[in-house]
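Novice: One structure, pasted below without further comment.
The values are calculated or read from the model by the stated rules, or taken from the named source; none is laboratory data. What you see is a predicted model; the values in this text were computed from it and never measured. Counting neighbours? That spans all protein chains shown, and the Cβs are built from the backbone with ideal geometry, glycine included.
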């Protein structure tokens, strides 16, 4: 049986303490820089695919969709979609002409070729106005 030197014991205990502190702090997949939004209407279950002009992944929980006439819908996923906020890319498949809260998105890993990372359900689409962003001078 090998004995650990005091220095090695101290290093090991500091490393474990650092891991424990990081574990307590955690990462719930929410970003602090998600733009504030003002709700401007009732949530809807679906948005027509033909009207979607842009989608902006904010974090593992939030996707903003811009439709024609510069109208925004915020989709807050009912469960965390791990990796979505990091990859900021997803796909979907639907046989309908609209994207709905019952549809599933798939996170796509774009570095090194497209690889499916996991799938997640969408939430309702809430019409919003995005808060003005501050520009750097």
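Novice: Only residues that are in contact (Cβ under 8 Å) with a residue 40 or more places away in the chain and outside any loop (DSSP other than H, G, I, E, B): list them for segment 64-83, please.
Specialist: 64, 65, 71, 72, 73, 74, 75, 76
Novice: Quick check: anything in segment 29-36 at pLDDT 95 or above and either out of contact with any strand residue (DSSP E or B) (no Cβ under 8 Å at 6 or more places or on another chain) or surrounded by 16 or more Cβ atoms within 10 Å (Cβ to Cβ) (or both)?
Specialist: No; the residues of segment 29-36 include none that is at pLDDT 95 or above and either out of contact with any strand residue (DSSP E or B) (no Cβ under 8 Å at 6 or more places or on another chain) or surrounded by 16 or more Cβ atoms within 10 Å (Cβ to Cβ) (or both).
Novice: Going residue by residue through segment 26-37, is there one that turns out to be part of a strand (DSSP E or B), within 18 Å of residue 100 (Cα to Cα) and touching a residue at least 40 places away in the same chain (Cβ under 8 Å)?
Specialist: no
Novice: Taking into account only those residues within segment 42-52 that are in contact (Cβ under 8 Å) with a residue 40 or more places away in the chain and surrounded by 11 or more Cβ atoms within 10 Å (Cβ to Cβ), which is farthest from residue 96 (Cα to Cα)?
Specialist: Restricting to residues being in contact (Cβ under 8 Å) with a residue 40 or more places away in the chain and surrounded by 11 or more Cβ atoms within 10 Å (Cβ to Cβ), the top hit is 43.
Novice: Please enumerate the residues belonging to segment 85-100 that are farther than 14 Å from residue 45 by Cα and surrounded by 16 or more Cβ atoms within 10 Å (Cβ to Cβ).
Specialist: Matches in segment 85-100: 85, 87, 88, 89, 90.
Novice: Let me ask something else about it. Taking segment 101-129, which residues are crowded, with 16+ Cβ neighbours inside 10 Å and either modelled with pLDDT under 90 or not in a loop (DSSP other than H, G, I, E, B) (or both)?
Specialist: Listed by number, the residues that qualify are 105, 106, 107, 108, 117, 120, 125, 126, 127, 128.
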